[in-house]
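We did not get these values from a lab; they are worked out from the coordinates using the rules stated. Just so you know, these numbers come straight off a predicted model, no measurement behind them. Positions of Cβ are generated from backbone atoms using ideal geometry, with glycine treated the same way; all protein chains shown enter the neighbour counts.
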Amino acid sequence: MKKEALLYEGKAKQLFSTDDSDVVWVEYLNQATALNGAKKDQIAGKGELNNQITSLIFSYLHEVGIDNHFIKQLSKTEQIIRSVEIIPLEVVVRNVAAGSFSKRLAITEGTPLKFPIVEFYFKNDDLDDPMVTEDHIKVLEIASEAEIAALRKMALEVNEALKKLFTEINIQLIDFKLEFGRTANGDILLADEVSPDTCRLWDLATNDHLDKDIYRRDLGDIIPVYQEVFNRLNQRKGA
Ligand code: UDP
């Protein structure tokens, strides 16, 4: 496999084409951003931790039968994935009130929700990623009704699988964000990353934040915390 041209540079990753048109080469970067890029820092070691954590999680999702774009980890900061056309939606699943949900609806962070809920946000930096309803998604032709139903179903399946995984390592899965893509034949595949950048993870015993809220809220250094998540996932794998 040969790495070729830079296809896309995001806030935390670079994507390169390869000599196989179905395969994309991903390099995880050390950049951390929050507030739609208004807060930005280079944090040594972040790229390797997120690449390794995402690789472990996507492999686990494969093992439990959830299709996703991951092919294999190449190095500490690199992985290869199947090429998909990303659907410009952030699909958020929440088990416990936190973050924007708590703020908007004045519900104390940490309040368990009666059932997992799914929210959609339109991925558009100029608009600040607004929340959208299913009608908005249809009228803007971002996805069809059948695709929206499939996204909801897959997001809730991922939630069940991840809740089980994180409970095993004494972590409570509060909420997370997923992205999906379309393959060349139109199938929808889980894509992007699942890491402490994209999930809220609280220690089951202490409720300590083990995620990007440490950075967003200036609570300290994210590296030891991301390392702790990686170590726990790794130990589980070795168990
Ligand atoms: N999230 C993300 N990328 C985003 C926005 C949110 O990965 O651009 C994740 C975030 O880490 C959290 C979940 O989605 O796990 C819900 O985030 P929320 O809507 O509460 O937004 P925030 O409080 O981060 O602004």
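The simple spin-label model puts a point 7 Å past each Cα toward its Cβ; for D22 and E85 those points are separated by 1.8 nm.
Between Rg and the Kirkwood Rh of the stretch 29-145, both from Cα atoms, what is the Rg to Rh ratio? Kindly include the intermediate steps, with their values, before the conclusion.
Working: Rg = 16.9 Å, Rh = 17.0 Å.
Here the Rg-to-Rh quotient is 0.99.
The aspartates and glutamates whose alpha-carbon is closer than 13 Å to the alpha-carbon of K11, local same-chain residues fewer than 8 away aside, are E27, D41, D125, D192, E193, D197. Using 1/(1 + (r/R0)^6) with R0 = 41 angstrom and r between the beta carbons of S102 and A146, what's the FRET efficiency to the nearest 0.05? My answer for the efficiency is 0.80.
Compared with the alpha-carbon gap, the fully stretched path from I223 to D125 is longer by 32.6 nm at 0.36 nm per residue. One quarter of the surface of the convex hull around the alpha-carbon atoms of the chain equals 13.2 nm², the direction-averaged projected area. Close amide H pairs (under 5 Å, H built 1.01 Å from N) link V23 with T18, S83, residues at least 5 positions away or on another chain. The lysines whose alpha-carbon is closer than 24 Å to the alpha-carbon of K114, local same-chain residues fewer than 8 away aside, are K103, K153, K163, K164, K177.
Maximal additional length on extending the K11-N170 stretch stands at 54.3 nm, based on 0.36 nm per residue less the C-alpha distance.
How would the stretch 1-65 be classified by its alpha-carbon gyration tensor: rounded, prolate or oblate, with rounded meaning a/c under 1.5 and the a/b versus b/c comparison settling the rest? In terms of gyration-tensor shape, oblate.
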